[in-house]
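**Q** Before I ask anything, here is the structure I am working with.
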Amino acid sequence: MTRDLLIRGMIVGVIAGLLAFGFARVFGEPQVDHAIAFEEKMSTAAGAAAEPELVTRATQAGIGLFTGIVVYSAALGGLFSLVFAFVHGRVSSLSPRSTAALLALAGFVAIVLVPCIKYPMNPPAVGSPDTIGARTELFFVMLVVSLGALAAAVGLAKRLYAQHGAWNATLMAGAAYVVFIALVQYSLPAINEVPEQFSPTVLWNFRVASLGIHVIVWTTLGLLFGALAERVLAGQRPRYRLHAAR
């Protein structure tokens, strides 16, 4: 069963990657072009020599973007299916579709939304090369903390379930997660390296487009994989009952 779920998860990941690539080409790449044009303008004004173009812009926005998004989405789909196989039937008694949808929502919040609230994605020309290491470390610290807090919140909800019921237990665990994340984000250092002359519209549109790519990927995983997983699990039940009867 796990193998069947893994295959379907990767297939759904590829589909999600194709949808996300189309969105990125239409809404994301124009913002990257604006940012690159600003970067070149500032370099020219400062009298800096133009850097050699190792990879053409057409390749970056075409096959490079396509390969990166599809491979990432396929890998994410595989991991998503494995987590689903472990969680389904253990954490709750929800249906496969509900489990997949809830898992996708939790994954999007913990892996994408929470880290990006503190350290949002930036286009070219935003961010100093001297601080890229520190910025990357802080982002991954926020990511690890978010995932750990999510796991702790799920454990807390399970402990509170018997005494307070599913709804109240979920609300209390969710509130604990939000409060803890807020405290962590407040304690971590802020990073603001946006040049004064950089267009706020371009920055906003880039961040919205970047977030939209992840929304498409996680929504596709939650909805489409849930439908396929339900069929896989429904096909496994008769064989399991026959084996148990013997």
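The values are calculated or read from the model by the stated rules, or taken from the named source; none is laboratory data. Keep in mind that this is a model prediction, so the values were computed, not measured. Reconstructed Cβ throughout: ideal geometry from the backbone, glycine too, with neighbour counts over all protein chains shown. Areas reflect the complete protein model, heavy atoms only, side chains present, ligands, DNA and RNA absent. Shrake-Rupley method; radii C 1.70, N 1.55, O 1.52, S 1.80 Å.
**Q** Using a 1.4 angstrom probe on the protein heavy atoms only, could you order Lys118, Lys158, Lys41 from most to least accessible area?
**A** These residues rank, largest area first, as Lys41, Lys158, Lys118.
**Q** Got a number for carbon plus sulfur as a percent of segment 75-139's accessible area, 1.4 Å probe?
**A** Of all accessible area on segment 75-139, carbon and sulfur atoms account for 69 percent.
**Q** If the elastic network links every pair of Cα atoms under 10 Å, which of Gly107, Gly68, Gly212 fluctuates the most in the Gaussian network model of the chain?
**A** Taking springs between Cα atoms under 10 Å, the residue moving most is Gly68.
**Q** If you take the alpha carbon radius of gyration of segment 43-138 and divide it by 2.2 N^0.38 Å, what ratio comes out, to two decimals?
**A** Output field value: 1.58.
**Q** Rank these residues by their accessible area, most exposed first, probe 1.4 Å: Arg97, Arg90, Arg135.
**A** Arg90, Arg97, Arg135
**Q** Ok, one more. What fraction of the Cα pairs in segment 95-156, stated in percent, has a spacing above 16 angstrom?
**A** 54 percent
**Q** If you average the alpha carbon positions of segment 1-38 and of segment 49-107, how far apart do those two centres end up, in angstrom?
**A** 8 Å
**Q** Ordering Val26, Val70, Val194 by how much accessible area each has at a 1.4 Å probe, largest first, what is the list?
**A** Val26, Val194, Val70
**Q** At 0.36 nm per residue, minus the direct Cα-Cα distance, what do Leu171 and Thr44 gain on full extension? Give it in nm, one decimal, please.
**A** That works out to 40.3 nm of additional length.
**Q** State which helices in the chain qualify, where a helix is a whole DSSP H run, it must extend 27 Å or more along its own axis by its Cα atoms, and its mean Kyte-Doolittle hydropathy must be at least 0.5.
**A** Result, helices passing both filters: 2-23, 65-87, 132-187, 200-220.
**Q** Here's something else I'd like to know. If you take the Cα Rg of segment 71-192 and divide it by 2.2 N^0.38 Å, with N the number of residues, what do you get?
**A** In units of the globular-protein estimate, segment 71-192 measures up at 1.22.
**Q** Suppose we take every Cα in the chain and form the convex hull; what volume per residue is that in Å³?
**A** Measuring per residue, one finds 143 Å³ for the Cα hull of the chain.
**Q** In the chain, once you exclude exposed GluC sites (Glu not before Pro) (DSSP loop, at most 14 other Cβ within 10 angstrom), what's the longest stretch remaining?
**A** 54-192
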